[in-house]
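Read the structure below first, then the notes.
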Amino acid sequence: MKLKYCFILLFFITKIVAQTPTKPNSTEIYEQIQKLNFLGKVLYVAAHPDDENTRLITYLSNYYHANTAYLSLTRGDGGQNLIGPELKEKLGAIRTQELLAARKIDGGTQFFTRANDFGYSKEPNETFAIWNKKEVLEDVIQVIENFQPDIVINRFNHRTPGTTHGHHTASAILSLEAYETVKFQPKRIFFNTSWWFYGSEENFNKADKSKLLTFNANVYYPLKGKSNHEIAALSRSQHKCQGFGTLGSRGEDLEYLELLKGTLPPKDNLFEGIETSWKRVNGGDNIAKILLPIENNFNFQNPSIHIPELIKAYKLIQKLEDNHWKNIKSNEIKAIIENCLGLFLEGIASTEIATRNSEIEINLEAINRSGINVKLENISLLNQEKITVNQLLKNNEKFSKSVPFVINKNIPYSNLYWLNEKQQDGLYTVSDKNLRNLPEVALPFPIIFELSIENESFTFTKNLAFKKNEPDFGETYSPFVVAPKFSLQFLNKVAIFNANQSKEIQVKVTAFENNAKGILKLNLPASWQISPQEIPVSIGTKGETKTFTFSVTSSKNEENLQILAQIQSENSIFNQEVTQIKYNHIPTQTLLEASEAKFVNLNIKTKGKNIGYVMGAGDEVGKYLENLNYKITYLEAKDLESNSIQQFDAIILGIRAFNVVNELKFKNKILFDYVKNGGNVIVQYNTTNNLVTKEIAPFELKISRDRVTEEDAPVAFLSPKHPVLNQPNLITNQDFDGWIQERGLYFPNEWSNEFIPILAMNDKGESPSKGSLLVAKHGKGNYIYTGLSFFRELPEGVSGAYKLLANLIALE
């Protein structure tokens with residue numbers, strides 16, 4: 001998929017289908033009724049987006065019609081990204097929405113904790129030390145207490161620390177500890193095992209299975225025209241930034257659940273011994289007498305014929321003493337009534353982005369597409385204003401109204417709620433406990449429609465959105481956004497200076513109001529010089545962007561500064577950057593970040609200026625190398641021809657290039673010849689799976705899963721006199737200070753004698769790994785393979801990473 005990403009995108013045209021309102025058909029309404037008549041829940045627990053077994057979630061949601069939720073302890077912020085450059089919090093935003101897209105397909109719901117995915121962890125004690133185990137456990141307990149699952153299923157084995165990602169084992173440990181702690185205790189807890197956890201199918205076949213529940217999950221759903229695993233594959237394939245596109249399958253496929261706590265049910269009945277009918281609640285028998293006949297005699301041609309009976313059931317549900325099931329089933333039956341009526345309710349803003357105190361138009365629409373008596377009484381707008389309507393909604397006659405509306409001065413800016421407060425180490429700060437487990441704030445801008453349906457009062461809440469028509473795609477939706485008056489973005493988030501060096505620093509300012517004026521400044525220390533000291537900003541048209549330039553001269557001392565840009569406008573200070581992330585498969589994500597840049601005053605030398613860069617899976621190393629005045633030419637595989645690439649002083653392959661650039665299996669020999677003739681090739685890390693060719697180097701080289709996850713792990717110099725550690729910059733141990741998240745990953749563990757290992761490093765308690773940086777002389781040039789995480793360090797302004805990479809480029 002082509003990347004659709006930009007900072008400050010106001011009028012960005014993209015085909016976003018993920019935001020279109022759902023309009024269930026009769027089959028989907030019938031399935032909602034089946035779910036309404038099932039009072040059972042399952043909670044699936046793991047660590048990251050994409051850890052979940054979508055086959056099992058699909059089965060539980062669609063075969064049993066159980067309310068099935070996935071608790072992912074993290075949002076996947078520490079992973080890599082195969083579709084774009086977003087990492088950390090931005091990647092977490094994408095992966096959160098990919099999980100929500102998956103749940104829309106497999107029928108599940110989604111929860112999280114505040115735990116931050118800080119990167120790979122080798123065992124759970126390390127994980128807990130960073131996360132703050134007590135607080136993450138509190139979040140898991142909160143999910144179980146609020147969701148009240150009958151069954152909990154762990155994806156990972158709590159008994160095998162050190163055999164998989166520490167987050168994985170930690171998720172299972174926390175699940176079991178929560179199970180022992182909660183007031184509402186689930187009836188049973190399982191480990192979703194398979195032969196993989198036993199090391200081989202042979203071992204699994206020999207294992208004791210007396211505590212295993214075994215069943216065929218790949219059933220066929222005639223109403224859907226798909227097998228369970230075909231649906232699950234569609235769900236799994238939503239994890240696009242991780243490259244988890246999956247083929248659907250048909251035919252028998254067994255799932256295995258190992259009982260950890262509780263009683264083992266008979267084969268093929270996971271809920272045996274658990275009341276899942278309306279008998280579960282006092283007063284449920286009378287509700288069942290109404291709803292079961294609707295399910296058994298559902299009218300697919302005219303679902304609205306069931307409205308009178310559905311309203312009777314709704315009224316009985318309101319009398320239930322069990323508030324937990326009352327709230328759940330009230331929401332479910334309200335959605336069914338809405339869908340049976342063909343009711344369409346919508347509030348559309350006249351603009352995609354607005355500011356506080358600004359006026360917009362809200363275009364309201366309501367239509368009843370049935371013969372049932374429906375009256376629209378009132379509409380409430382963003383908890384600020386109520387409009388009295390009192391109009392009968394006749395069959396297929398549209399009500400529409402355009403209302404001028406002023407955005408309240410106190411309304412929060414649009415942002416991901418877990419980023420609104422300062423992050424702790426390993427843990428997001430969310431003071432509001434009601435939000436902590438939610439994937440997002442579902443209704444930040446509520447439009448509440450109050451209706452009378454067959455003389456019974458109902459409210460339906462929709463979220464204010466923006467809608468437009470695209471010539472090549474038609475109707476498209478995007479979220480409505482409230483933004484600051486200004487968004488400020490440094491064009492270069494990292495600027496590398498030598499002592500007393502002057503550079504032009506550019507700040508891009510976007511106004512989200514007409515006639516926006518203010519004074520732009522940078523907060524530089526007195527030892528640095530800046531000209532001019534401040535710049536007047538005047539932007540006439542909303543959505544317009546202007547770029548302003550300062551001349552900055554560094555001090556004489558080596559230092560690393562965090563610089564903030566700000567605009568004073570009237571009595572307010574604006575110092576944030578509005579970032580929007582847009583991909584076809586998820587809703588637009590809007591984030592607010594401090595408008596900051598890193599200024600690194602560093603005595604660094606470079607040699608060789610003309611660099612060819614072959615993009616892999618979406619890193620920004622090339623962009624940040626421009627800080628050192630390299631000329632970066634981005635190459636596609638087709639550009640790798642013997643004659644044309646001789647112009648480059650070095651060619652760098654982006655992360656996972658040998659995983660994602662299929663043509664490299666034909667172009668690798670050209671790169672080898674380029675090295676032989678005197679060029680430098682620098683290959684950044686690749687994963688062990690899905691290599692397009694085993695010949696990733698001119699000599700034998702085998703990638704492993706070895707990594708060093710401790711970013712402050714000690715580094716030893718194996719070849720201290722090698723030019724890569726000495727020319728043109730002297731590399732010392734201090735150059736490995738300040739690294740983030742990790743030292744590196746997927747280090748080779750076998751290589752031919754032509755390769756010289758440069759560094760050794762290891763996590764605590766492990767043997768040194770020598771494969772983080774390997775250099776081989778090949779003919780007149782150098783072939784370099786490195787698993788060091790330059791793709792993380794350069795955007796953070798880590799000076800030692802810049803110096804080391806400059807030396808790799810300069811090798812002769």
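The values are calculated or read from the model by the stated rules, or taken from the named source; none is laboratory data. Model, not experiment: these values are computed from the prediction. Methodologically, a virtual Cβ is constructed for each residue, glycine included, from the backbone with ideal geometry; neighbour enumeration extends over all protein chains shown.
Considering only residues of the range 50-89 that are under 23 Å from Gly787 (Cα atoms) and of a type in the set (D, E, K, R), which is surrounded by the fewest Cβ atoms within 10 Å (Cβ to Cβ)?
Filtering the range 50-89 for residues under 23 Å from Gly787 (Cα atoms) gives 76-89.
With of a type in the set (D, E, K, R) added as a condition, the list becomes 77, 86, 88-89.
On the way: Asp77: 24, Glu86: 23, Lys88: 20, Glu89: 18.
My answer is Glu89.
Has the range 299-316 got at least one residue that is within 19 Å of Glu275 (Cα to Cα), touching a residue at least 40 places away in the same chain (Cβ under 8 Å) and part of a helix (DSSP H, G or I)? Give the steps one after another, and end with the answer.
Pass one, the range 299-316, residues within 19 Å of Glu275 (Cα to Cα): none.
No, that holds for no residue.
Scan the range 768-805 for residues that are farther than 13 Å from Phe736 by Cα, among the hydrophobic types (A, V, I, L, M, F, W, C) and buried (at least 22 other Cβ atoms within 10 Å of the Cβ) and jot them down.
Leu773, Leu774, Val775, Ile784, Phe791
What are the residues in the range 587-637 that are in contact with an Asp or Glu (Cβ under 7 Å, 6 or more places away or on another chain), farther than 28 Å from Pro525 by Cα and at pLDDT below 95, if any?
Across the range 587-637, the qualifying residues are Gly608, Lys609, Ala637.
Residue-wise test of (1) at pLDDT 95 or above; (2) crowded, with 18+ Cβ neighbours inside 10 Å; (3) within 30 Å of Glu377 (Cα to Cα).
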site	(1), (2), (3)
Glu421	yes, no, no
Val430	yes, yes, no
Pro439	yes, yes, no
Ile447	yes, yes, yes
Phe466	yes, yes, yes
Pro471	no, no, no
Glu475	no, no, yes
Val482	yes, yes, yes
Phe486	yes, yes, no
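Residue-wise test of (1) within 27 Å of Asp150 (Cβ to Cβ); (2) in contact with a Leu (Cβ under 8 Å, 6 or more places away or on another chain); (3) not β-branched (Val, Ile, Thr).
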{"residue": "Ser235", "(1), (2), (3)": "yes, no, yes"}
{"residue": "Ser249", "(1), (2), (3)": "no, no, yes"}
{"residue": "Thr263", "(1), (2), (3)": "yes, no, no"}
{"residue": "Ile287", "(1), (2), (3)": "yes, yes, no"}
{"residue": "Gln301", "(1), (2), (3)": "no, no, yes"}
{"residue": "Ile317", "(1), (2), (3)": "yes, no, no"}
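Can you tell me which residue among Leu664, Leu602, Leu592 is in contact with a Phe, Trp or Tyr (Cβ under 8 Å, 6 or more places away or on another chain), of a type outside the set (Ser, Thr, Tyr) and free of Cβ contacts under 8 Å to residues at least 60 places away in the same chain?
Answer to the selection: Leu664.
Listed here are the residues, each with its yes/no results for (1) farther than 27 Å from Asn216 by Cα; (2) touching a Ser or Thr at 6+ places or on another chain (Cβ under 8 Å).
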{"site": "Asn269", "(1), (2)": "no, no"}
{"site": "Glu272", "(1), (2)": "no, no"}
{"site": "Glu275", "(1), (2)": "no, no"}
{"site": "Val281", "(1), (2)": "yes, no"}
{"site": "Asn286", "(1), (2)": "yes, no"}
{"site": "Leu291", "(1), (2)": "yes, no"}
{"site": "Asn297", "(1), (2)": "yes, no"}
{"site": "Gln301", "(1), (2)": "yes, yes"}
{"site": "His306", "(1), (2)": "yes, no"}
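So, in the range 694-736, exactly how many residues are part of a loop (DSSP other than H, G, I, E, B), of a type in the set (A, V, I, L, M) and out of contact with any helix residue (DSSP H, G or I) (no Cβ under 7 Å at 6 or more places or on another chain)?
Initially, the range 694-736 is screened for residues part of a loop (DSSP other than H, G, I, E, B), giving 694-700, 709-714, 718-722, 726-732.
Filter again for of a type in the set (A, V, I, L, M), leaving 696-697, 713, 718, 730-731.
Now narrow it down to the ones that are out of contact with any helix residue (DSSP H, G or I) (no Cβ under 7 Å at 6 or more places or on another chain): 697, 713, 718, 730.
Selection size over the range 694-736: 4.
Of the residues Glu332, Glu275, Glu295, which is part of a loop (DSSP other than H, G, I, E, B) and out of contact with any Pro (no Cβ under 9 Å at 6 or more places or on another chain)? Reasoning before the result, please.
Details: Glu332 fails: part of a loop (DSSP other than H, G, I, E, B); Glu295 fails: part of a loop (DSSP other than H, G, I, E, B).
Result of the check over Glu332, Glu275, Glu295: Glu275.
Here are the criteria: (1) out of contact with any Lys or Arg (no Cβ under 7 Å at 6 or more places or on another chain); (2) not in a loop (DSSP other than H, G, I, E, B). Tell me which single one Asn492 does not satisfy.
It is condition (2) that Asn492 fails.
Any idea how many residues of the range 700-737 are crowded, with 19+ Cβ neighbours inside 10 Å, among the aliphatic types (A, V, I, L, M) and under 20 Å from Trp751 (Cβ atoms)?
Number of matching residues: 6.
Need the failing condition index for Gly618 against (1) at positive phi; (2) surrounded by fewer than 21 Cβ atoms within 10 Å (Cβ to Cβ); (3) not aromatic (Phe, Trp, Tyr), just the number.
Going through the list (1) at positive phi; (2) surrounded by fewer than 21 Cβ atoms within 10 Å (Cβ to Cβ); (3) not aromatic (Phe, Trp, Tyr), Gly618 breaks only (2).
In the range 140-178, which residues are in contact with a Leu (Cβ under 8 Å, 6 or more places away or on another chain) and either at positive phi or among the charged types (D, E, K, R) (or both)?
Glu177
What's the number of the condition Arg707 fails, among (1) among the charged types (D, E, K, R); (2) in contact (Cβ under 8 Å) with a residue 12 or more places away in the chain; (3) out of contact with any strand residue (DSSP E or B) (no Cβ under 8 Å at 6 or more places or on another chain)?
For Arg707, the failing item is (3).
From the list Ser370, Ser350, which residue is under 25 Å from Lys542 (Cα atoms) and assigned by TED's automatic domain parsing to the domain that holds Lys467?
From the options Ser370, Ser350, the qualifying one is Ser350.
Can you tell me which residues in the range 554-577 are of a type outside the set (S, T, N, Q) and either modelled with pLDDT of 95 or more or assigned to a strand (DSSP E or B) (or both)?
Result: Glu559, Leu561, Ile563, Leu564, Ala565, Ile567, Ile573, Phe574, Glu577.
Conditions: (1) of a type in the set (D, E, K, R); (2) under 30 Å from Glu89 (Cα atoms); (3) more than 22 Å from the chain's Cα centre (by Cα). Lys267 meets all but one. Number of the miss?
The single condition Lys267 does not satisfy is (2).
Which residues, counting only those in the range 633-649, are surrounded by fewer than 18 Cβ atoms within 10 Å (Cβ to Cβ) and among the β-branched types (Val, Ile, Thr)?
Thr633
When the range 426-456 is examined, which residues are found to be in contact (Cβ under 8 Å) with a residue 40 or more places away in the chain and within 30 Å of Val374 (Cβ to Cβ)?
Scanning the range 426-456 gives Phe445, Pro446, Ile447, Ile448, Phe449, Glu450, Leu451, Ser452, Ile453, Glu454, Asn455, Glu456.
Criterion first (in a strand (DSSP E or B), among the charged types (D, E, K, R) and out of contact with any Asp or Glu (no Cβ under 8 Å at 6 or more places or on another chain)) does Lys508 satisfy it?
Details: in a strand (DSSP E or B): yes; among the charged types (D, E, K, R): yes; out of contact with any Asp or Glu (no Cβ under 8 Å at 6 or more places or on another chain): yes.
Spelling it out, Lys508 is indeed in a strand (DSSP E or B), among the charged types (D, E, K, R) and out of contact with any Asp or Glu (no Cβ under 8 Å at 6 or more places or on another chain).
Quick check: is even one residue across the range 109-130 closer than 11 Å to Leu71 by Cα and surrounded by fewer than 23 Cβ atoms within 10 Å (Cβ to Cβ)?
Looking for residues that are closer than 11 Å to Leu71 by Cα and surrounded by fewer than 23 Cβ atoms within 10 Å (Cβ to Cβ), one finds at least one in the range 109-130, hence yes.
Give Leu91, Leu82, Leu71, Leu100 a once-over and let me know the one that is in contact with a Gly (Cβ under 6 Å, 6 or more places away or on another chain) and of a type in the set (A, V, I, L, M).
Working: Leu91 fails: in contact with a Gly (Cβ under 6 Å, 6 or more places away or on another chain); Leu71 fails: in contact with a Gly (Cβ under 6 Å, 6 or more places away or on another chain); Leu100 fails: in contact with a Gly (Cβ under 6 Å, 6 or more places away or on another chain).
None of the other options fit; the residue is Leu82.
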